[in-house]
1. Taking Cα centroids, how far is the stretch 326-358 from the stretch 205-235 in Å?
2. What trypsin sites (Lys or Arg not before Pro) in the stretch 223-301 are in a loop by DSSP, with at most 10 other Cβ atoms within 10 Å of the Cβ?
3. Looking at the chain, send over the antiparallel percent of its DSSP beta bridges, to the nearest 5.
4. Can you compute the modelled spin-label distance between T208 and D117, with each label point 7 Å from Cα toward Cβ, in nm?
5. How do E145, E169 stack up against each other in accessible area, from largest to smallest, with a 1.4 angstrom probe?
6. Just tell me which lysines come within less than 16 Å, Cα to Cα, of K349; anything on the same chain fewer than 8 places away is out.
7. Of the DSSP beta bridges with both residues in the stretch 130-259, give the percent that are antiparallel, rounding to the nearest 5.
8. Is the shape of the stretch 130-259 best called rounded, prolate or oblate, per the rule: a/c under 1.5 gives rounded, else a/b larger than b/c gives prolate, else oblate, with a ≥ b ≥ c the square roots of the Cα gyration tensor eigenvalues?
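The values are calculated or read from the model by the stated rules, or taken from the named source; none is laboratory data. Everything numeric in this text was worked out from a predicted model, so none of it was measured. Backbone-built Cβ (ideal geometry, glycine too); neighbour counts: all protein chains shown. The protein model used for the area step is the full one, side chains on, heavy atoms only, and it has no ligands, DNA or RNA in it. Shrake-Rupley method; radii C 1.70, N 1.55, O 1.52, S 1.80 Å.
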Amino acid sequence: MAAKKLLLLPGDGIGPEAMAEVRKIVAYMNAELKSDFSLEEGLVGGCAYDAHGKAISESDMAKALAADAVLFGAVGGPKWDSVPYDVRPEAGLLRLRKDMELFANLRPAICYPALADSSSLKKEIVEGLDILIVRELTGGVYFGEPKEIRDLGNGQKRGIDTQVYDTYEIERISGVAFELARTRGNKVTSMEKRNVMKSGVLWNEVVTATHKAKYSDVKLEHMLADAGGMQLVRWPKQFDVIVTDNLFGDMLSDIAAMLTGSLGMLPSASLGAPDAKTGKRKALYEPVHGSAPDIAGTGAANPIAMIASFAMCLRYSFNMITEADRLEAAVAGVLDDGLRTGDIMSEGKTKIGTVEMGDAILAKFKALAA
Ligand code: IPM
Ligand code: MG
């Protein structure tokens, strides 16, 4: 069997520190479990801009397209606040999403039992929470044209972004949501703003039609996206899978993430369509958190979201379900032992840094494999 080609794009800020902890896990899996990962590395974000004047170079883009999976850290920081818009750090991530056609962004929001007290909501509201947000990632207002600032010539300017969705885009993302719901709680909540947006009217129609045609065994409900945000905070456990567009998904997934106690805990997967010949999907895995420039280089970053992103990679790109389950159990186990990075620290727990957290998770992972 050919080696499993992984491209690491650690990026900026805490990205490289968090990625280093994944690298240790990969090294162990190659040495002891004969997992046969071959690693490549590239630059994305501000570091790529510093090296090449672009947020990702053509050769790193080619590596991403050739890889079986890409692991992405984080991009951006104050150092690059004033670089031109087209080459800002985020442009590297957006280009990867677009060129790899990663239309399906899976953002689980699970509340680890050990962290139920760290949520800003009451413990009984979040304990046992397990939601999956399925965010459309290659369309909508992020990419719609025109997208510009127009000079109106009268001293006024006009900022324009375009929200646009075609039938096929809504069909394929809702298909992903229904398929995943079947493997979980069998319920999908679709969120849009059909009361003010034409794209919302179409979204609602196409999701309803897709459900009727192929997935009527799954429970479907519709919610206006603003009400959905309110319900997420009021009673999050009513949700199983939420499917929504690119912009609403961006906002709703941050809300859902915070319910769980820390943004530093949550992974995500961005998947393309299955290849017609091989059945393989292009895929990129990244933590939901950002580059946290305020703590970068201090050794305080929480590597859990990055490690959990690698667990999603094992699950979705390589079908290594046992290893993925074990890695996730290792994370939960370390939290049960009371180990905490600063962002999730609470009274009576043991505060540790990035490297110690990575070591503790690897030790648990090894013990579970033994
Ligand atoms: C995310 C981020 C990105 C987005 C930024 C960094 C472009 O907020 O992945 O949620 O808006 O999609
Ligand atoms: Mg976001």
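1. Taking the Cα centre of each part, the stretch 326-358 and the stretch 205-235 sit 35 Å apart.
2. Numbers: sites: R234, K237, K277, K280, R281, K282; in loops: K277, K280.
The qualifying sites are K277.
3. Working: 21 of 49 bridges.
If we restrict to bridges inside the chain, about 45 percent are antiparallel.
4. Going by the 7 Å Cα→Cβ label model, 4.8 nm.
5. Values: E145 135, E169 20 Å².
Of E145, E169, the descending order of accessible area is E145, E169.
6. Partners within reach: none.
7. Values: 5 of 19 bridges.
Bridges in the stretch 130-259 are about 25 percent antiparallel.
8. On the way: a/c = 2.54, a/b = 1.69, b/c = 1.50.
Prolate is the answer for the stretch 130-259, as a/c is 1.5 or above and a/b outweighs b/c.
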